[in-house]
Amino acid sequence: FIEDKLDELIDIIRADQNNLGRNEDAPAMDILDRSSTELNGEFLHSKLLIDVLIRMKPNQQDTNELLEFLKNEYRDNEVELKLVNEFHMGYESSKAVWRENMNLCVSGDRIPVIFEIEADPAIVCSTNDDNRRPFAQIDELSYYREAEVLFMLGSIFLLNEISLEQSSRDVTISIIRMTLCSDHDSDLKQLHDYMKNEYRSEKTDLFSLGDVMYRMEKFNLSEKYYLRRLKELPSNNRSLGELYQRLGMVANAKGNYDTSLDWYQKSLEILVSTHPSDHVEIGSTHNSIANAHRNRGDHVRALESYNQAVLLFKQAHDENNPSMAMFYNNIGMIYDQEKKYFKAL
């Protein structure tokens, strides 16, 4: 009887291992009752990305990088290069709508579609919070000088109907009927607001953008923004330790465990020198180091770092912290992999 129960417990432990993955190193957003994955994480994170981008302040480096990218992308296309050069010479933020409109006009791949949208201005005019997504008539800004309405990026629509109509012998027009919805109508609003507050700070920068990309599992982009932010920071900036930690997370997620350890070690050195009494933060970094060791198959060093994390949390008198359960679980996973099942339990 005892042996059967032990085998059952071992199976449960192994199943739990498969569910942990990257999330234990990620920023603390998984404490909600419903995960973003269960509630259409792609949509949720795209909204979060828009919020971060809107709050970021543009700079000349952004413009230069965009121009360099466009010139390389259209190096064999004289028409597009002409537009890029016009953008370079005369771009003004007040003409952004006109220029985007013009670019759509010269685009070659177009499909005949008619959108019939029911949009009540009261939906966006009656709210005075960050979630509103306004729309406006832009006739005067239109490249074609015709009646047009522009909806803000991130607007939510209820899809009512899609129908096809034959306008001529060879052309079929798709008619899409939609209704503009308020963000308050979304089931994701509570979760989105919580996650948005996680990123909200006095200054939204590449750090925030990198965090969103990491959550979207776009690790190359996340790493790119973290590294660019790293170049911007002076060597004595207080954010360096946290930034090194994020770079370690990305490297670990990409399977570059040695690189991950290098970043984590830099983060640990800064924490120990600047916040020697912050046992909780230092202990969490030891846990991240242990994860990288475990992923590369070095169980001895992984156990050392896990036990160090436990010791530091005990020194901080924070033994009831939920992270302690994670540390003990990680130690149990190591023993399970080594087939030391009684120690694992």
Answer with yes or no whether LYS254 is among the basic types (Lys, Arg) and under 21 Å from TYR225 (Cα atoms). yes
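Rundown of residues vs (1) closer than 30 Å to TYR244 by Cα; (2) at pLDDT 75 or above, yes/no style:
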| site | (1), (2) |
| --- | --- |
| ARG34 | yes, no |
| THR37 | yes, no |
| GLU42 | yes, no |
| GLU65 | yes, yes |
| TYR74 | no, yes |
| SER93 | no, no |
Within segment 206-255, can you find the residues that are over 27 Å from ARG296 (Cα atoms), of a type in the set (Ser, Thr, Tyr) and in contact with a Leu (Cβ under 9 Å, 6 or more places away or on another chain)? SER239
Exception for PRO58 within (1) part of a loop (DSSP other than H, G, I, E, B); (2) surrounded by fewer than 12 Cβ atoms within 10 Å (Cβ to Cβ); (3) modelled with pLDDT under 60; (4) not β-branched (Val, Ile, Thr) falls at (3)
Just wondering, is there one or more residues in segment 181-198 that are exposed (fewer than 15 other Cβ atoms within 10 Å of the Cβ), in contact with a strand residue (DSSP E or B) (Cβ under 8 Å, 6 or more places away or on another chain), at pLDDT below 85 and in a loop (DSSP other than H, G, I, E, B)? no
Of residues in segment 144-163 being among the acidic types (Asp, Glu) and touching a residue at least 12 places away in the same chain (Cβ under 8 Å), the one farthest from ASP120 (Cα to Cα): GLU161
When segment 305-345 is examined, which residues are found to be of a type in the set (Ser, Thr, Tyr) and modelled with pLDDT under 85? SER323, TYR341
Residues (farther than 24 Å from GLY283 by Cα and touching an Asp or Glu at 6+ places or on another chain (Cβ under 9 Å)) located in segment 226-255: ARG229, GLU232
Count of segment 151-180 residues which are outside any strand (DSSP E or B), touching a strand residue (DSSP E or B) at 6+ places or on another chain (Cβ under 7 Å) and surrounded by fewer than 13 Cβ atoms within 10 Å (Cβ to Cβ): 1
Criterion violated by ARG133 - all others in (1) closer than 16 Å to LEU180 by Cα; (2) among the basic types (Lys, Arg); (3) at pLDDT below 70 satisfied: (3)
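Every residue, every condition in (1) over 27 Å from VAL212 (Cα atoms); (2) among the hydroxyl-bearing types (Ser, Thr, Tyr); (3) surrounded by fewer than 22 Cβ atoms within 10 Å (Cβ to Cβ), yes or no:
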site: LEU247; (1), (2), (3): no, no, no
site: GLY255; (1), (2), (3): no, no, yes
site: ASP258; (1), (2), (3): no, no, yes
site: SER267; (1), (2), (3): no, yes, no
site: GLN308; (1), (2), (3): yes, no, yes
site: LYS314; (1), (2), (3): yes, no, yes
site: ASP318; (1), (2), (3): yes, no, yes
site: MET324; (1), (2), (3): no, no, yes
site: PHE327; (1), (2), (3): no, no, no
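The values are calculated or read from the model by the stated rules, or taken from the named source; none is laboratory data. Since this is a predicted model, take the numbers as computed values, not measurements. All Cβ positions, even for glycine, are placed from backbone atoms using ideal geometry, and neighbour counts span all protein chains on display.
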